[in-house]
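First comes the structure, then the notes that go with it.
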Amino acid sequence: MTIKREGSLFSPFRALKQLGKKPHTVQIPKVVKPPAERYRGFHTNDLEKCIGCGNCSRICPDNAIKMVPFPEYAKKEPGSMPLRPQIDYGRCCFCALCVEVCPTGSLQMVKTFTHVDDKKESFVFIPDSKVVHETPDFVLDTKDLRRK
Amino acid sequence: MVDDEKIVSEDMGVQVEKNENMEMRSFGTVKRWATKRSLWMVHYCTGCGGIELAPLMTSRYDMERFGMHPMVTPRQSDVLLITGYVNIKTLKRIIRTYEQMPDPKYVIAFGSCPINGGPYWDSYATINHLDKYIPIDLYIAGCMPRPQSIVRAFEDLMDMIQDGTADGYMRYKKYYEPYKANQEKIFRKWW
Amino acid sequence: MSEQEIAERIAKFPGADVEVLRKGQIAVKVPAEKGHDAAAYLKKMGFAHLVAVEYVDWIKENEFELVYNLFSYKMKMRAFLKVRIPRDKPEYITFMDLWPIAMTHEREAHEMMGIVFRKNPNLTPFILEDWKNLPPMRKDFDSRKYVKDKYDSIPFAEGGEQ
Amino acid sequence: MKEVDLFFGPQHPGITGNFSVRVKIDGDTVVKAQAIPGFLHRGFEKLMEMRHWMQGPPLICRICVPDADHSETGYSMAVERLAGIEVPERGKYIRALTLEMSRLSAYLFYFAGYGGSIGLYTIAQWAIGDRDYLLDLYEELTGARVYHIFNFPGGPRWDTPEGFEDRVDKVMDYLEKRLKEYDKLYFNNMVFLKRSQDVAVMKKSYAEKMEVTGPNARATGWAIDVRKDDPYAAYPDLDFELITQDEGDSYARVMQRRLEFQQSIDLVRQITKKLRSMPRGNVRLIPNALHWKIPRGEAYAAVESSKGELGYYVVSDGGISPYRMQVRGPSISHGVQVYEEMIVGQRLADVAALMFSLDVCPPDIDR
Amino acid sequence: MIAEILVLIFMPVFVSFMGLLFMGIQRKITARVQNRIGPPFYQQFIDVMKLFSKRENIGHNWVFDIGPIFAIVGMLTTMLFIPMGGFRLLSMDGDLIVVMYLLVISGLGMALGAGASGNPNAGIGVMRGLTLMMAYEMPFVISVLAVMVYYHTTSLAEIVGMQSGMWALIILPLSALVADMALQAQFGKKPFDQPIAPAEVATGPIVEYGGKYLGMLMVAHSIGMFVEAGLFIDIFLGGGLLFHQPGIIWQVFNFLFWVLLVFALYTLAVLVNAIMPRYRIDQAFVFYWKWPTIIAIIGLAYALGVSVW
């Protein structure tokens, strides 16, 4: 399909009518643009339902999940271990393979995604469903999530 | 706060006087406010995170509302954004760019790769901990952080500049020898 | 033209054993010294597009395998011309006279696997920078060990813990 | 005249991503050029040998950043051909939807890049601003803005959310309206015409000799397209004709992508119409992620990405991880050798413009 | 005498202040054309304050340091000769030719400084800057010649005086059109900003200038905006003299009208800058020496004919 190969010197001036239109800038700090329903943000883990099987730490492509001992969850049923996943957000690539492979479905991903810090150590924390869910605001300061 | 006593360390050989940091000099608060409100970033897309800078710089999220503007050469800029993983070849250029920037200069590391290696933790070509080689003021979580997180990081950096805790460039002078030793271990010939 | 007819025509080339992998893909194994003539034959037959030069390191059989990935736009068919060269003497002739773009592919194979292509004018490395170790794509180069003893051994400049 | 040796170094606004060109110029004309990639090398092929089959997509999609979907789909198709599994019908259409939307966003990035390199920053602001509507759609469908990690071996991970097709059509209408604005500002701009016509002409014979693929080859009149030559996903039953120009200069390359942008919008409309009529439900065969062994063999799958033919050659020795995986990045042909030969004789102002016009994607070259 | 001293001291400060204010407003207008909100209008002041608060860690040689000083001093000396609204400092016969000469000093001085920085990009940027200057000087000189010929004088003051009835824009429209095209290159706006093209030569001459140097260059650019626009206004738009009654209030109104005209000219240049890519340097040269030069010669012939008849 051949197109005519000439243009006009004055056609760009018609683009100046954008001056009248309202800019479609999302003024982020003032306007909160909520992420979509399925957004893959930080993890949350229901420590009761989780059986500490370690599937998530094996499937993680970036070796980001380490199983951390939780002595208070030493249930007696077969197959459950007193271990809970600890996620290092200096490695995680937010691919949600761990959520897919979790047998009990306790490990989920929530819509919070902001964590800015000048200390590297604050990027490693244990997802706990009781902490993350209470804050509806999407821009959550997760500094307080660190294990005290 | 930055420690007030005179940082004179003979073994370092680099004398960092007290008035080196900006608070003590005249009009300190005004200068810090001006630096805060007009941070110019080096136009250098070091890794994959650079693609999230594009929506920030253009009409949808418009970073220029904070006075931030991508400048071409390190001579004219204040902030160096390390967007994502750092290859060894890129690391040499990052260090050179960082050293060309005039003081006060800041570094923000995007995403999980500069923190602990990210998905390339076992790759022979990328380094895992960027703060072994250059001082970093802020880290942002996210495998490619969203524009909202990046703007949140800019706000945090502005607060840190205002109260003087963003002292990456002073730490670079203070620990100049260990940084240089680490850099020498990576590159066989410097040029 | 179905895969079988094309396979028979390729099989006419002496020393080529042909195998139809799946719909639209044929594998052609050829001894090393006849590789260049087989490529010329396939190119004349219609496989004009060299997609890429793939290189596989079969460390157990102590051989490198060079796969010339050809595609024919007319017959909509892919042909993998496979050649085996010994691992301890990784040398092969260049295919630049048939496809000039082979220079870049061969440069990459040389840098990543250490295969020398004779009569390739520009075999200089272009991806890695002053790399003095084993070519990285070889199976006997262990990336995790390399990372451990080169990068993890470097201390934190400001005295942080590992 | 003394020749000046100039580094268009990695830190340079006129460079697509992290790439470097060493140029020797005499006055204003380029005499010799040497492309230096390698700044984004992460050794994908080495890393993939240490990952399971299912752990591939989170890593693979990071190869070419502007359109990540083609990388995932290419790898997934190669593994499906090796393992012999077939994607369900609706899964094919969802996969084609993500591919075409990825092509649209990559072309918007291309307009912004080329406009920025010749000085028209307004088109860069408009195009990347409009690209964000596509990223919002991706966020709804896949859960992430840029790296979607959505097309796995076996099919897309989830089905489309409720009412997704109507929102896609709304964005397509918006993009079509904006395309007319781009015509006025950019494609008919007299200065743009003067800057791009008869600049760095690539003849059809040269493209065939140097195996250039994708929009750059179609701009020279060579009608090749992996969607037609080696059809995959839902392309066999989507009707579209191949568009070709015949001059092969920078103007033809830009107009080729502008016409294909319109074509992709129509393709997406066809897909959403078909998706509405199909029953919702299972879109993916999910083999066990942790212990998935694939029988010994090799396979190659090519995908028509926005930069050219992107192919995955996967070899398996029956283990749980690929024995060898090699990526044929589209820019390996037009990024290094073709760029070095075409830039000689051009003027200094066109070094950056040609790189954006050929849409060189450095991570394709050094993976 | 006191008036002259007061003007001499406060005019540079006022002009650079208004220049930075206009540059800030222009960034807002360009942003609106690009569908975004853009920085606050006082952003340019913040930038200059930040640039002056930077600590330098590079310094090439004293020639490099003199570059920005040349730029500012060149512009200031040119400003002495240009009548601004009601205020006029120096005027003599033939000062239009002196202004034409002084306009080049600022660019040459900056080129000297940039050349000394040793960065190849700066060298190429300087070469492009001088080529572009040679390109737009040709039509610009011819159009100014047409005005001189028409008014039989080379003194700016007289030209401004004679235009009280009818602006030269109405009498010599062709020359005004050519002078406005040349103004686009003098401001360094697209499609003629080859010397400071970021994508090609990494902002050309100012590639090594950072911190305080860049602050001075920004002030020089704002003064330059007033000087170049002021020259155009004095020649073609009657020097901004709207009210001819005596009295201080009318003089202040005249001056404000003159500043408004400068703003209008700069806005026109910036609007063209927002929607045009940039030519290559050879295309820019050919562009200037083709159509604008022909129009300027026609304008000159017309001016000759009208003045003789």
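No lab work stands behind these numbers, since they all come straight from the coordinates. A quick note: this is a predicted structure, and the numbers were derived from the prediction, not measured. No Cβ is skipped: glycine too gets one built from the backbone with ideal geometry, and neighbour counts run over all protein chains shown.
List the GluC sites (Glu not before Pro) within the stretch D:270-367 that DSSP assigns to loop and that have no more than 14 neighbouring Cβ atoms inside 10 Å.
Sparse-neighbourhood loop GluC sites (Glu not before Pro): none present.
Quick check on the protein assembly as shown: what are the equivalent-ellipsoid semi-axes from the Cα gyration tensor, as sqrt(5λ), descending, whole Å?
The answer is 55, 36, 28 Å, longest axis first.
To the nearest 10 degrees, how steeply does helix D:164-182 sit against the main Cα axis of chain D, on a 0 to 90 scale?
10
If I fit a long axis through the Cα atoms of helix D:250-277 and take the longest principal axis of the Cα atoms of chain D, what angle between them do I get, 0 to 90°, rounded to 10?
Approximately 20 degrees, to the nearest ten.
Given the stretch D:158-254, what count of lysine pairs have C-alpha atoms under 30 Å apart, with each pair 8 or more places apart or on different chains?
18
For chain D, what log10 I(q)/I(0) values come out of the Debye formula at q = 0.12, 0.13, 0.14 1/Å, with one point per alpha carbon and no solvent?
So the normalised log intensities work out to -0.88, -1.03, -1.18.
Taking the alpha-carbon distance from D:K273 and a cut-off under 18 Å, which aspartates and glutamates remain once sequence neighbours fewer than 8 residues away in the same chain are dropped?
Hits, sequence-local ones excluded: D:E89, D:E100, D:D159, D:E162, D:E165, D:D166, D:D169, D:D173, D:E176, D:D237, D:D239.
Test of understanding: given chain C, find the longest segment containing no GluC sites (Glu not before Pro) that are in a DSSP loop and have at most 16 other Cβ atoms within 10 Å.
Looking at chain C, C:62-157 is the longest stretch - no exposed GluC sites (Glu not before Pro) with at most 16 other Cβ atoms within 10 Å.
From the phi angles alone, apply the Karplus equation (6.51, -1.76, 1.60; θ = phi - 60°) to the stretch E:277-293 and give each ³J(HN,Hα) in whole Hz, x where the residue is Gly or Pro.
Coupling constants for the stretch E:277-293: x, 10, 6, 6, 5, 6, 5, 4, 4, 4, 4, 5, 8, 10, 5, x, 5 Hz.
If amide hydrogens are placed 1.01 Å from N in the peptide plane, which non-local residues have theirs closer than 5 Å to the one on D:G319?
D:I294
Mind listing the lone cysteines of the protein assembly as shown, meaning no other Cys beta-carbon sits under 4.7 Å from theirs?
A:C50, A:C53, A:C60, A:C92, A:C95, A:C102, B:C45, B:C48, B:C113, D:C61, D:C64, D:C361
Going through the stretch A:1-102, which trypsin sites (Lys or Arg not before Pro) have at most 11 other Cβ atoms within 10 Å and a DSSP loop state?
When the trypsin sites (Lys or Arg not before Pro) of the stretch A:1-102 are filtered for loop state and at most 11 Cβ neighbours within 10 Å, A:K4, A:K21, A:K30, A:K76 remain.
If R₀ is 25 angstrom, what is the calculated FRET efficiency for the pair A:K4 and D:L242, using the beta carbon separation as r and rounding to 0.05?
The formula returns an efficiency of 0.75 here.
Mind ranking C:26-32, E:245-251 by how tightly packed they are, going by the mean number of other C-beta atoms within 10 angstrom, highest first?
Those peptides, ordered most packed to least, come out C:26-32, E:245-251.
Exactly which chymotrypsin sites (Phe, Trp or Tyr not before Pro) in the stretch A:1-107 are in a DSSP loop and have at most 16 other Cβ atoms within 10 Å?
A:F10
Can you compute the modelled spin-label distance between A:F70 and C:E5, with each label point 7 Å from Cα toward Cβ, in nm?
6.6
Which net charge results for the neighbourhood of C:M103, defined as the other residues with beta-carbon distances under 14 angstrom from its beta-carbon, given Lys and Arg at +1 and Asp and Glu at -1?
Local net charge: -3.
Pull up the cross-link candidates among the aspartates and glutamates for C:K148, meaning alpha carbon to alpha carbon under 13 Å and not fewer than 8 places away within one chain.
List returned: B:D122.
Report, by chain and number, residues whose modeled amide H sits under 5 Å from the one on C:Q25, excluding near sequence neighbours (fewer than 5 apart, same chain).
C:R78
For C:K119, which aspartates and glutamates qualify as cross-link partners when the Cα separation must be under 12 Å and same-chain residues fewer than eight apart are set aside?
Correct list for C:K119: C:E91, C:D97, C:E106.
Enumerate the calculated ³J(HN,Hα) couplings along the stretch C:88-94 in order (Karplus 6.51 cos²θ - 1.76 cosθ + 1.60, θ = phi - 60°), each rounded to whole Hz, writing x wherever the residue is Gly or Pro.
With the stated coefficients, the stretch C:88-94 comes to 7, 10, x, 9, 7, 8, 7 Hz.
What is the average number of partner chain Cβ atoms found within 10 Å of a Cβ in C:49-55?
Going residue by residue through C:49-55 and averaging, the value is 6.
Hey, can you grab everything whose amide H is under 5 Å from the amide H of A:V124? Only 5+ residues off in sequence or another chain; H modelled, so Pro and N-termini drop out.
Result for A:V124 returns A:Y89.
For peptide C:24-30, how many partner chain Cβ atoms fall within 10 Å of a residue's Cβ, on average?
Average per residue, whole number: 2.
Rounded to the nearest 5, what % of the DSSP beta bridges within the stretch C:3-131 are antiparallel ones?
75
Classify the stretch B:39-186: rounded, prolate or oblate, from the alpha-carbon gyration tensor (a ≥ b ≥ c, eigenvalue square roots; a/c under 1.5 rounded; otherwise prolate if a/b is larger than b/c)?
oblate
Roughly how many nanometres apart are two label points built 7 Å out from the Cα toward the Cβ at D:L179 and C:N122?
The two pseudo-label positions are separated by 3.7 nm.
Counting residues in the stretch E:2-308 as N, plug N into 2.2 N^0.38 Å and put the Cα Rg over that result.
0.99
What relative contact order, as a whole-number percentage, does chain E give when Cα pairs under 8 Å and 6 or more residues apart are counted?
27
What is the sum of charges, Lys and Arg at +1 and Asp and Glu at -1, for the other residues whose Cβ falls under 15 Å from the Cβ of E:A229?
Once positives and negatives cancel, what remains is -2.
If you add up the charges near E:M134, with Lys and Arg at +1 and Asp and Glu at -1, over every other residue whose beta carbon is less than 15 angstrom from its beta carbon, what do you get?
Neighbourhood net charge equals -1.
For the stretch D:311-326, just list the computed ³J(HN,Hα) in residue order, Karplus coefficients 6.51, -1.76 and 1.60, θ = phi - 60°, integers in Hz, with x standing in for Gly and Pro.
Each residue's phi maps through the Karplus curve to give x, 10, 10, 10, 10, 10, 10, x, x, 8, 9, x, 6, 8, 9, 10 Hz.
To the nearest whole number, what is the average tally of beta carbon atoms from other chains within 10 Å of the beta carbons of peptide A:29-39?
Average neighbour count from other chains, rounded to a whole number: 5.
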